[in-house]
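The structure appears below as structure tokens.
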Amino acid sequence: MSVFGRTNPAALLTACHIQAGHLPNAVYRLTREPAWSQRHPSIMGPGKSYFYFGPEYAPGYIIYGNNRNTLPMLHFLRQHREGSTSRYFTSQAGKDYKWRISPSRMELFDSRTILAVWELSHPDDEYHARLIIRPPGLPVVTEIVTTLAMNRMAQQLRWGP
């Protein structure tokens with residue numbers, strides 16, 4: 001199970017990512033934590049997303065909430081230039097976002113504002129990494145955490161160029 005914290009290990013958890021199934025292929029569910037949702041009642045949008053993998057963890061598709069529309073996983077990993085480490089995605093509302101990716105840090109931007117930063121911790125910290133979501137990113141928090149997880153999985157599974 002992977003857990004994403006908001007700003008530090010003592011902060012309220014934003015979301016939990018667990019395996020929801022595995023036959024015939026793996027399915028993971030990312031869900032907003034109820035305590036976090038209660039603390040942010042004005043945040044709308046889907047409270048969960050599902051990752052449906054292909055055979056042997058090949059790219060599959062993602063579904064937000066109870067929506068029947070499927071989005072290919074590779075849709076969240078688009079490049080605008082060959083060799084670029086940035087990955088682009090379009091939100092459900094049609095807005096474009098960019099993850100700038102390095103081995104130990106990822107930054108999410110809309111057209112001009114940094115919305116979220118994920119970074120690995122130092123070896124002596126009690127947590128593996130942290131995610132800081134700035135207030136302008138809260139309306140798309142589920143999409144932020146979903147695309148962060150998708151990019152991290154793609155790195156670990158060595159998808160793409």
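The values are calculated or read from the model by the stated rules, or taken from the named source; none is laboratory data. Bear in mind the structure is a predicted one, so any value in this text is a computation, not a measurement. Backbone-built Cβ (ideal geometry, glycine too); neighbour counts: all protein chains shown. Side chains are part of the model used for accessible areas, which takes the heavy atoms of the whole protein and leaves out ligands, DNA and RNA. Shrake-Rupley method; radii C 1.70, N 1.55, O 1.52, S 1.80 Å.
Just a few scattered comments:
- Per residue, the chain exposes 58 Å² of solvent-accessible protein surface, assessed with a 1.4 angstrom probe and all protein chains in place.
- Sorting 72-78, 122-128, 32-38 by their mean Cβ neighbour count within 10 Å, with the most densely packed peptide first, gives 72-78, 32-38, 122-128.
- Entry for mean projected area of the Cα convex hull in nm² (calculated from the structure that is shown) out of (1) 9.1; (2) 9.8; (3) 12.6: (2)
- Carbon + sulfur, % of accessible area of the stretch 95-161 - ligands and nucleic acids excluded, 1.4 Å: 50 percent
- The sum of -39500 (n - 2.57) across all DSSP H runs of n ≥ 4, divided by the residue count of the chain, sets its helix-only mean residue ellipticity at 222 nm to -4000 deg cm²/dmol.
- Percent RCO, i.e. relative contact order, over the stretch 57-101, from Cα pairs under 8 Å lying at least 6 residues apart: 23 percent
- Pairs of alpha carbons in the stretch 62-124 whose separation is greater than 13 Å (percent): 69 percent
- Separation of alpha-carbon centers, the stretch 120-161 and the stretch 34-105, rounded to whole Å: 11 Å
- Net charge dipole size for the stretch 33-147 [Lys, Arg +1 and Asp, Glu -1 on Cβ; Debye, nearest 20]: 460 debye
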